[in-house]
Amino acid sequence: MSDYLRNPLLSNSQRCFASLNMTGVFMRCVLNSRFHLIVLFLSLCMLANISAAAASDEMRVTLLGTGTPFPNPERFGSAILVEVAGKRLLFDCGRGVVIRLAQVQVNPKEIDGLFLTHLHSDHVVGIPDLWLSGWFLGRDRSLPIWGPPGTRSMAEQLVQAFGFDIRIRQAPPDPLPGKGVEIDAKEIEQGEIYNDGLARVSAFLVDHGAVKPAFGYRVDSAGHSVVISGDTKFCQNLVDFARDADCVIHAAWSAGWKNPAPPSKRSIASAEDVGRVFAMVKPKLGVVYHYKDEEGIGDAIRKEYKGPFVIARDLMAINISKTVTWDRKSSAASTPDGDNSKR
């Protein structure tokens with residue numbers, strides 16, 4: 001086109017017309033390029049939305065701590081992280097919880113709520129670390145805690161106990177936000193206690209012997225669910241709340257024959273009790289945690305229950321969607337057909 005415009009035989013009007021025509025072609029190319037870029041951008045946005053929708057349809061459960069009051073470097077205190085619908089919900093807060101969160105690359109400031117099954121020390125001793133480390137690492141809002149009666153008083157006493165640290169960290173030249181050190185403690189009863197429109201948490205009463213009240217929890221989202229027993233003996237109320245759950249995570253102290261205390265004196269289920277619960281609920285996956293002695297647990301459960309179950313290890317992860325999958329390396333029991341990774 002440029003050679004054509006330099007032709008000396010062309011009149012000025014012809015050159016002008018040709019120049020305008022070339023400009024129009026150029027503009028159409030620019031507009032077409034912009035159109036294609038817009039289409040590409042919108043397509044990427046749609047794919048991102050589809051990916052987000054798919055992610056929101058999955059529930060991820062991480063057993064941060066599966067241990068007991070007895071110190072064990074391999075098994076920290078009771079703590080279960082449930083990631084669902086963009087929220088991170090923590091159930092119990094035992095010894096070493098912040099270390100375990102760091103191991104799964106979760107900043108303690110990102111915990112959206114803490115739910116306590118009961119106030120035994122091995123289930124709450126990690127709260128100061130979660131609370132203050134989360135504040136130090138950037139939390140600028142209060143930490144919500146749901147728990148049985150006594151939770152609010154405990155929170156108030158923690159603020160008093162750590163008053164010096166709080167005052168120092170709020171002083172110049174780099175004060176931390178005052179809102180981030182607040183604790184919003186809520187004392188609960190049985191029923192729905194949390195619902196953000198995407199995820200719902202229900203509390204239910206369980207039988208932990210002399211510890212009353214003690215609670216278990218059920219989390220529901222996008223048609224999927226997980227039930228966490230907390231510390232309890234065999235409990236029909238738990239069975240009722242766990243109906244149709246995809247995954248049931250249940251405490252079991254030991255196989256019955258390993259426990260010298262008579263059943264009437266026990267405050268945590270035996271492995272046989274847990275097998276009965278699994279058999280009644282029929283989850284896609286049963287999980288045993290908070291056990292003192294693993295010996296005989298698998299055989300005791302298998303006598304009562306023929307479905308899939310695992311004995312949890314710290315940091316074991318479970319993904320709940322149309323199927324339930326878990327970390328094969330952390331499993332200690334297999335399903336009847338030998339496949340212990342997917343149901």
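Out of every Cα-Cα pair that the range 268-314 contains, those further apart than 15 angstrom amount to 32 percent. On the principal axes of its alpha-carbon atoms, the range 134-205 has extents of 45, 28, 13 Å, going from largest to smallest. Summary of packing: across the peptides 108-120, 152-164, the per-residue average of other C-beta atoms within 10 Å ranks them, highest first, as 108-120, 152-164.
Percent of alpha carbon pairs in the range 56-167 separated by more than 22 Å? Cα-Cα pairs of the range 56-167 separated by over 22 Å account for 29 percent.
Listed by chain and number, the aspartates and glutamates whose alpha-carbon sits under 12 Å from that of residue 109, ignoring those within fewer than 8 places in the same chain, are 129, 140. Charges were assigned to the Cβ only: +1 to each Lys and Arg, -1 to each Asp and Glu. The resulting dipole of the range 228-310 about its Cα centre is roughly 160 debye. Altogether, the Stokes-Einstein calculation at 37 °C and 0.692 mPa s, with the Kirkwood radius of the range 204-292 over Cα pairs as Rh, returns a diffusion coefficient of 254 µm²/s. Here is the list for the range 278-315: trypsin sites (Lys or Arg not before Pro) lying in DSSP coil, each with at most 14 other C-beta atoms within 10 angstrom of its C-beta, are 306.
Candidates 247, 263, 288 compared by Cα position along the dipole of the range 245-299: farthest toward the positive end lies 263, with charges placed on Cβ.
Read the figures in this text as sums done on the coordinates, not as results from a lab. What you see is a predicted model, and the numbers here were worked out from it, not measured in a lab. When we count neighbours, we look across all protein chains shown, and the Cβ atoms used for this are built from the backbone with ideal geometry, even at glycine.
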